[in-house]
1. Considering only residues that are under 22 Å from the mean Cα position of the chain (by Cα) and of a type in the set (Ser, Thr, Tyr), look in region 172-218 and name the one that is nearest to residue 241 (Cα to Cα).
2. Can you find, within region 104-123, the residue that is surrounded by the fewest Cβ atoms within 10 Å (Cβ to Cβ) among those that are in a helix (DSSP H, G or I), more than 9 Å from the ligand (Cβ to nearest atom) and hydrophobic (A, V, I, L, M, F, W, C)?
3. Scanning region 77-93 for residues that are surrounded by 14 or more Cβ atoms within 10 Å (Cβ to Cβ) and more than 11 Å from the ligand (Cβ to nearest atom), which turns out nearest to the chain's Cα centre (by Cα)?
4. Any residue at all in region 55-67 that is at pLDDT 95 or above, under 21 Å from residue 210 (Cβ atoms) and part of a loop (DSSP other than H, G, I, E, B)?
5. Using beta carbons and a limit of 9 Å, which pairs, at least six apart or on different chains, have the first residue in region 88-111 and without any contact (Cβ under 8 Å) to a residue 24 or more places away in the chain and more than 26 Å from residue 165 (Cα to Cα) and the second one in a helix (DSSP H, G or I) and more than 8 Å from the ligand (Cβ to nearest atom)?
6. Residue 96 passes all but one of (1) within 12 Å of the ligand (Cβ to nearest atom); (2) more than 25 Å from residue 169 (Cα to Cα); which number fails?
7. What are the residue pairs meeting all of these: first residue in region 47-73, first residue under 20 Å from residue 235 (Cβ atoms), second residue among the charged types (D, E, K, R) and not in a helix (DSSP H, G or I), Cβ atoms under 6 Å, and 6 or more apart or on different chains?
8. Look through region 37-65, keep the residues that are within 14 Å of residue 156 (Cβ to Cβ) and surrounded by 22 or more Cβ atoms within 10 Å (Cβ to Cβ), and return whichever of them is nearest to the ligand (Cβ to nearest atom).
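The values are calculated or read from the model by the stated rules, or taken from the named source; none is laboratory data. Note that this is a predicted model, so its numbers are computed, not measured. Note that each Cβ is placed from the backbone with ideal geometry, even for glycine, and that neighbours are counted across all protein chains shown.
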Amino acid sequence: MTQPKTTQVTTQAKISEPKISERKHATSEGGFDVPRHVAIIMDGNGRWAAARGLPRVEGHRRGVEALRKTVRAASDLGIAVLTIFSFSSENWSRPQSEIRDLLSLLRRFIRNDLADLHKSNVRVRIIGERDGLSPDIRGLLEEAEGLTRNNDGLTLVVAFNYGARQEIARAARRLAVEVAEGRLSAEAITPELIARHLDAPDIPDPDVIIRTSGEQRLSNFLLWQSAYSELVFVPLNWPDFDRAALEGAIAEFRRRERRFGGLIAQTGS
Ligand code: FPP
């Protein structure tokens, strides 16, 4: 096996070649460094509702409120990228009524909140499979991306109809087409090239992935990009997540030593 030239990675830039650099290592109002990219698995809406004898949809509604607070907090803290897992490829197996509720919350979120996001200089990006989505949902996703395209504040990546294995398979298909058409040789396929064929190749890998609800797994979220992400599991259901919880998760991230496979420890951010 070929030895890599450098075994001790001393800067994160060597791992993910970020294009989003201006907000890198921003300092929060409280004066501490924040991670550049935070990704969140917003879990526990159903449990939040069940614990209160409420229908599951109420948990999802309160989940949207928690999302608003988190986007505001992430932007205030100077985080460059916030990725949220809003609807997974596997969520289609839920009862039709819950799927309808989740889709109408997404519609409402984009219709009601897009203007505010735009005013707050948030750039919206979407990852996930768009083929097969209804034209109105596709239209809204495209509108959100189009309107905010030139904003340079927080980048909000919405993972919608997203599954990481499906994303990697899409990248493999794109590469296979290039090979079949003679534009690429199979030997030229490297991890970097695969990364460049994922859904949002310009977005740096997440520094930290937060999952709420106490569950401790990735559930097909950002499997490629999470190779060196720190995982922080927060024992709160998503509707209870807020700025303090985000700051707590970031504090936990900052206590971790990151080595990226090398020997020299990197502090969390
Ligand atoms: C997990 O809770 C959450 C989801 C399936 C989706 C997250 C969705 C939102 C926060 C609202 C919609 C998002 C947007 C962008 C409009 P769960 O239902 O799996 O909870 P449980 O595990 O307790 O049942």
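1. Per the criteria, the residue is 212.
2. The extreme case among them is 115.
3. Here the residue is 83.
4. No: zero hits.
5. What qualifies is 97/57.
6. Unmet condition: (1).
7. Within 6 Å, the pairs are 69/242.
8. Per the stated criteria, the residue is 42.
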